[in-house]
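First comes the structure, then the notes that go with it.
The values are calculated or read from the model by the stated rules, or taken from the named source; none is laboratory data. In this text the structure is predicted, and so the values were computed from the model without any measurement. Here the Cβ is made from the backbone with ideal geometry for all residues, glycine too, and neighbour counts use every protein chain on show.
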Amino acid sequence: MTEKKNINVGITIGDINGIGPEIILKSLYDKRIMTSITPIIYGSDKVLTHYKKKIGLEDVNIFNIKDASSAKKNKINVINVSTEPLEVQEGKESVNAGKTAVLALEKAAKDISTGEIDVIVTAPISKSVCQNAGFDFPGHTEYFSSLSNGVEALMLLSSSIMRIALVTTHVALKDVSQNISKEKIINKAKTFDQSLRKDFGIRKPKIAILSLNPHSGENGKMGNEEKDTILPAIKELNENGVLAFGPFPSDGFFGSEARKEFDGILSMYHDQGLTVFKALSFDEGVNYTSGLPIVRTSPDHGTAFDIAGKGIASETSMRNAIYLAIDVYKSRIVHKDSLRNSLEVTPPRKNIKK
């Protein structure tokens with residue numbers, strides 16, 4: 001397979017009243033990033049022009065195109081996803097902003113399904129704003145999973161410090177326990193293992209699995225999930241060739257150097273993993289949806305309405321999201337080629353009597 005010179009990177013604008021447009025422009029302002037990608041922003045040229053003036057990037061040139069097939073290499077391309085008039089209201093929630101964010105997602109998803117773009121990078125959305133605009137999903141992860149025939153998508157946070165994946169995602173804390181099962185842990189861990197191999201190029205990944213309860217349940221004194229659910233899942237994973245270890249109490253695990261011994265960490269619920277991750281990697285972390293047939297990344301932060309339009313939002317996480325999407329795309333090509341070129345194992349010939 002011949003690798004494309006430039007990778008078509010679809011970037012959804014996110015909530016136009018948040019920091020999404022700003023961090024997109026700042027990320028693409030550095031011309032070095034343009035040498036290997038052709039960015040296609042799904043959103044609004046008028047919104048981007050507004051923020052260009054607001055944050056002092058008026059020398060950034062954007063090019064309107066009707067569709068992704070018309071994208072110009074080494075240029076910042078923009079597809080207007082709506083003909084409705086848009087008013088930017090920095091820091092405020094609005095239904096029109098939600099509608100634009102959803103339309104951008106839908107258009108980008110359609111284009112990646114037909115091969116017009118190679119990867120998707122999504123700027124932050126407000127879940128409540130989008131849901132008020134008719135978006136019937138808890139977040140991006142669930143949306144892209146639904147478009148992929150309900151595959152076992154996995155929310156994975158990646159930085160130079162660690163990779164953390166989640167068994168449960170957008171679930172209320174009181175409902176976490178009933179949403180954890182042996183089968184779910186096994187499925188998530190297998191998806192994680194395959195992603196580390198295929199998307200990150202790790203040949204024999206080691207995965208640490210965290211406990212749910214304090215002190216791993218203290219032999220049932222603080223909960224039975226460890227001995228009844230998590231330990232049996234780890235045992236079965238090991239029997240199936242997945243190098244899974246644990247369960248580790250999260251406080252002791254993150255408080256020691258133990259995390260450095262593993263290629264990935266599987267957390268039982270949202271805040272158990274993401275609180276530590278964002279404390280250590282907030283400015284550089286990337287949210288990656290593994291397990292999908294497509295490549296989708298995003299910054300690891302939200303819309304940050306409180307600083308929208310002030311020109312102070314850091315673009316590091318968005319830039320890293322673009323770079324990770326490129327790396328995963330290339331890694332998948334290498335992985336696919338390695339499988340294609342592997343020698344077939346043929347059974348020994350039986351002695352043939354003459």
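Within segment 151-164, is there a residue that is modelled with pLDDT under 90, touching a strand residue (DSSP E or B) at 6+ places or on another chain (Cβ under 8 Å) and small (Gly, Ala, Ser)?
First, the residues of segment 151-164 that are modelled with pLDDT under 90: 151-153.
Still in the running and touching a strand residue (DSSP E or B) at 6+ places or on another chain (Cβ under 8 Å): 153.
Right, trim to small (Gly, Ala, Ser) and you get 153.
Yes, there is a match, as at least one residue in segment 151-164 is modelled with pLDDT under 90, touching a strand residue (DSSP E or B) at 6+ places or on another chain (Cβ under 8 Å) and small (Gly, Ala, Ser).
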Would a scan of segment 255-264 turn up a residue that is surrounded by 20 or more Cβ atoms within 10 Å (Cβ to Cβ) and in a loop (DSSP other than H, G, I, E, B)? yes
For Lys235, all conditions in the list (1) modelled with pLDDT of 95 or more; (2) exposed (fewer than 15 other Cβ atoms within 10 Å of the Cβ); (3) not in a helix (DSSP H, G or I) hold save one; what is the number of the exception? (3)
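How many residues are in contact with a helix residue (DSSP H, G or I) (Cβ under 8 Å, 6 or more places away or on another chain) and surrounded by 14 or more Cβ atoms within 10 Å (Cβ to Cβ) if we restrict to segment 220-231? Reasoning before the result, please.
Filtering segment 220-231 down to residues in contact with a helix residue (DSSP H, G or I) (Cβ under 8 Å, 6 or more places away or on another chain) leaves 220, 222-227, 229-230.
Subsequent filtering for residues that are surrounded by 14 or more Cβ atoms within 10 Å (Cβ to Cβ) retains 222-227, 229-230.
Of the residues in that region, 8 qualify.
Run down Phe135, Phe144 and say which single residue is touching a residue at least 24 places away in the same chain (Cβ under 8 Å), surrounded by 16 or more Cβ atoms within 10 Å (Cβ to Cβ) and under 15 Å from the mean Cα position of the chain (by Cα). First the steps, then the outcome.
Working: Phe135 fails: under 15 Å from the mean Cα position of the chain (by Cα).
One residue alone meets the criteria, Phe144.
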Go through segment 43-69 residue by residue and tally those that are touching a strand residue (DSSP E or B) at 6+ places or on another chain (Cβ under 8 Å) and either farther than 20 Å from Gly309 by Cα or not assigned by TED's automatic domain parsing to the domain that holds Ile112 (or both). 6
Specify which of the listed residues (Ser159, Ser211) is under 22 Å from Lys260 (Cβ atoms), of a type in the set (Ser, Thr, Tyr) and over 20 Å from the mean Cα position of the chain (by Cα). Ser211
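Need a quick list: strands (runs of 3 or more DSSP E) entirely within segment 3-89 having at least 2 residues that are more than 24 Å from the chain's Cα centre (by Cα) and not polar (S, T, N, Q). Give the derivation first.
Working: elements: 7-12, 37-43, 62-64, 76-80.
Those strands (runs of 3 or more DSSP E) span 62-64.
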Checking Gly246 against (1) crowded, with 19+ Cβ neighbours inside 10 Å; (2) modelled with pLDDT under 90; (3) at positive phi, which single condition isn't satisfied? (2)
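With the condition kept exactly as written, say whether any residue in segment 94-104 is of a type in the set (A, V, I, L, M), buried (at least 17 other Cβ atoms within 10 Å of the Cβ), more than 20 Å from Ile16 (Cβ to Cβ) and in the same structural domain as Asp15 (by TED's automatic domain parsing). Before the answer, list the steps.
Taking segment 94-104 and keeping what is of a type in the set (A, V, I, L, M), we get 95, 97, 101-104.
Filter again for buried (at least 17 other Cβ atoms within 10 Å of the Cβ), leaving 97, 101-104.
When the remaining residues are screened for being more than 20 Å from Ile16 (Cβ to Cβ), the result is none.
No, because not a single residue in segment 94-104 is of a type in the set (A, V, I, L, M), buried (at least 17 other Cβ atoms within 10 Å of the Cβ), more than 20 Å from Ile16 (Cβ to Cβ) and in the same structural domain as Asp15 (by TED's automatic domain parsing).
Determine which member of the set Ser267, Ser290 is closer than 23 Å to Lys206 by Cα, touching a strand residue (DSSP E or B) at 6+ places or on another chain (Cβ under 8 Å), modelled with pLDDT of 95 or more and buried (at least 20 other Cβ atoms within 10 Å of the Cβ).
Details: Ser290 fails: modelled with pLDDT of 95 or more.
From the options Ser267, Ser290, the qualifying one is Ser267.
Consider Thr114 carefully, then state whether it is of a type outside the set (Gly, Ala, Ser), outside the structural domain of Ala165 (by TED's automatic domain parsing) and over 30 Å from His270 (Cα atoms).
On the way: of a type outside the set (Gly, Ala, Ser): yes; outside the structural domain of Ala165 (by TED's automatic domain parsing): yes; over 30 Å from His270 (Cα atoms): yes.
Here the answer is yes, as Thr114 does meet what is asked.
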So in segment 293-339, with the set limited to residues that are among the charged types (D, E, K, R) and within 12 Å of the chain's Cα centre (by Cα), which one is modelled with the lowest pLDDT? Asp300
